[in-house]
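First comes the structure, then the notes that go with it.
The values are calculated or read from the model by the stated rules, or taken from the named source; none is laboratory data. Since this is a predicted model, take the numbers as computed values, not measurements. Counting neighbours? That spans all protein chains shown, and the Cβs are built from the backbone with ideal geometry, glycine included.
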Ligand code: GLN
Ligand code: ZN
């Protein structure tokens, strides 16, 4: 009886990004595997220790991953696609990283990496399990047990966490057959999970956490039945281990009865995303089911209002006597420790809590429940003070922004002429060839550029020298683009640290951290800005760089902006007003920039909405509301220009079938998308009637160091021609090239330009 504090998962990257350093050094051959594994082991020890120290009673193991926790399960199951040449046995690191990143291979071809996509509605990416209809599974790693044992040897009794079998399969794809449901493989997957559970029992584990965020999705009866089969089978087969079933990211809703009927010992609830489900659950739950209440936001950085939470928790504790308190989801999505942010504006700092602070908040709540509020009076008072200051702070509320927003008219979100008329004007002005070639914006952020930026930030490289250096980089990139024969040029984004941060730093209402990294995928981490107040643009942000770049060439130079929905979705967003309102504020700020670029002479302006799709609510019935305000925000940003000005947009990782109407409603003149890894299948959505405008389907997978051949890209473009009209097609990479190296980019883009030339000859 009592209250325990549980952590469902902790950031893997290390307070000083140790994992990134170790991975990249291993990948580049600068260090041995042992060094990587030893860093990983140190990180796990530090994480367990720190979670305990901050007050967690239950700490997870196997939440760590060298690359991705979904890939870890594929490896555990031995689900390695044939192309990787794996011979069976244990999935070794070379195979594991080849699945994650592709490999150049010994012969000319190499193997491409697996497909990556967003983890639910987060900015974390996982490797999509790539299965076949007759897939077999065999336990092929010892990771789960190894990490449990490792913790135990250090004195930590952990609750191992695994991505549950049903969500794993819901996220999987059956190669070559979209129609076959991967859930058909459940019976084959379960024995491997069972074996892992048996091994854990043998090692002394008493609880295990099964993450099943799939329960927060729209499911059909077959999927619900799969949950029943899976948990009936596992609990019957291994009765001595207790399962904490852990759905998160939303309400259980119409899956609630299914979840409550499963023969598990505990059920977690995400009460940040879906507080309203609590009453329903309390009314229906069997008394012996242990509830884990996810009351502290695992997806955002705001400090919890502890007294308010206690008001809700006290009666539940009195009624049930036995509770687990937890973050709403794994803390993977928040930075590690606010204490590192010593330079943060203190007024804003007091409104925040990162991973370890969130665990401490849960400890305070648990203590208050068990011993009464007086036992933690000081902490509660500090929390009350922070909450009330945040409600009233003049730093947050800007009357001018609110007034301008209220005066927005519907006309401001409409271009003058429809696309067909705009296209003629644009073509007359731009005079582009068939299949015009371009890139998405950024060029390699070389060590030299990073060093210069760091030196400038430290005050060691004077502003004027830094600018001169960046101009030099820009001018080299412009010259190279002309030489290689691209049609629409970009300035290269050398001055940008990040496509959102660069804008956020120049807008009011944003604050930035120094160390608050979160994992995006593999060794790529981001430091999302924190939007704490009303947003406005004090001065132009990109016009000078565009002007300089355009002055170097006769060819069109694209203005390059990040769109409002993406800025919103890649930031930690204030939770004291609707997201839609924050998004519209950003839209007005970027609209000013679009108009300034046009006034400076830009004929093409790209407004990246890389993250539009990932903001989609998990439940379909919530889509329309989101898409309405997201599309309106984009249009508000893009529509203040003349018809002959060509508006581009770009989206990453997107699957468009189900939102093509909204994508078309954005009314951009050109959209570039990521299609290289999916072999143009994604293009099926863009049939003529649905999408009349121009499209650049990516032909170069920029997530892999591999250089694609001319033939490969021609083949992709031919596949595009089967689906689109010639006049619609642009030729470009999947995304920006900032993470690649010049020796990869130069031949790849040269091949791409050649592919476009060959295609023109075919047309
Ligand atoms: N313009 C950006 C770039 O090229 C777009 C990146 C993105 O969509 N993620 O880097
Ligand atoms: Zn992109």
*asked:* Looking only at region 556-566, filter to residues that are in contact with a strand residue (DSSP E or B) (Cβ under 8 Å, 6 or more places away or on another chain) and crowded, with 23+ Cβ neighbours inside 10 Å; which one of those is farthest from residue 507 (Cα to Cα)?
replied: 557
*Can you name the condition, by its number, that residue 715 falls short on among (1) within 16 Å of ligand 1 (Cβ to nearest atom); (2) free of Cβ contacts under 8 Å to residues at least 40 places away in the same chain?*
(1)
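What helices (runs of 4 or more DSSP H) lie completely within region 420-520 and have 3 or more residues being away from ligand 1 (no atom under 16 Å from the Cβ) and at pLDDT 95 or above?
447-457, 463-484
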*asked:* Kindly evaluate residue 454 against the criterion of being surrounded by fewer than 19 Cβ atoms within 10 Å (Cβ to Cβ) and free of Cβ contacts under 8 Å to residues at least 12 places away in the same chain.
replied: yes
*asked:* Yes or no: region 536-555 includes at least one residue that is crowded, with 21+ Cβ neighbours inside 10 Å, within 21 Å of residue 595 (Cα to Cα) and under 23 Å from the mean Cα position of the chain (by Cα).
replied: no
*Go through the residues of region 647-667 one by one and say whether even a single one is part of a loop (DSSP other than H, G, I, E, B), surrounded by fewer than 22 Cβ atoms within 10 Å (Cβ to Cβ), away from ligand 1 (no atom under 16 Å from the Cβ) and touching a residue at least 12 places away in the same chain (Cβ under 8 Å).*
yes
*Tell me, please, whether a residue that is surrounded by 24 or more Cβ atoms within 10 Å (Cβ to Cβ) and within 16 Å of ligand 2 (Cβ to nearest atom) can be found in region 627-645.*
yes
*Look through 610, 602, 587 and report the one residue that is within 14 Å of residue 646 (Cα to Cα) and either within 16 Å of ligand 1 (Cβ to nearest atom) or crowded, with 19+ Cβ neighbours inside 10 Å (or both).*
602
*Residues of region 726-763 satisfying the condition of being under 28 Å from residue 420 (Cα atoms), loosely packed, with under 14 Cβ neighbours inside 10 Å and either within 16 Å of ligand 2 (Cβ to nearest atom) or modelled with pLDDT of 95 or more (or both)*: 726, 727, 760, 761
*When region 477-516 is examined, which residues are found to be in contact with a helix residue (DSSP H, G or I) (Cβ under 7 Å, 6 or more places away or on another chain) and within 16 Å of ligand 2 (Cβ to nearest atom)?*
492, 496, 500, 503
*Has region 692-702 got at least one residue that is without any contact (Cβ under 8 Å) to a residue 60 or more places away in the chain, away from ligand 1 (no atom under 15 Å from the Cβ), touching a helix residue (DSSP H, G or I) at 6+ places or on another chain (Cβ under 9 Å) and in a strand (DSSP E or B)?*
yes
_I'd like the full set of residues that are surrounded by fewer than 20 Cβ atoms within 10 Å (Cβ to Cβ) and touching a strand residue (DSSP E or B) at 6+ places or on another chain (Cβ under 8 Å), limited to region 210-240._
235
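Yes or no, residue by residue, for (1) within 26 Å of residue 298 (Cβ to Cβ); (2) modelled with pLDDT of 95 or more:
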| residue | (1), (2) |
| --- | --- |
| 70 | yes, yes |
| 89 | no, yes |
| 109 | no, no |
| 167 | yes, yes |
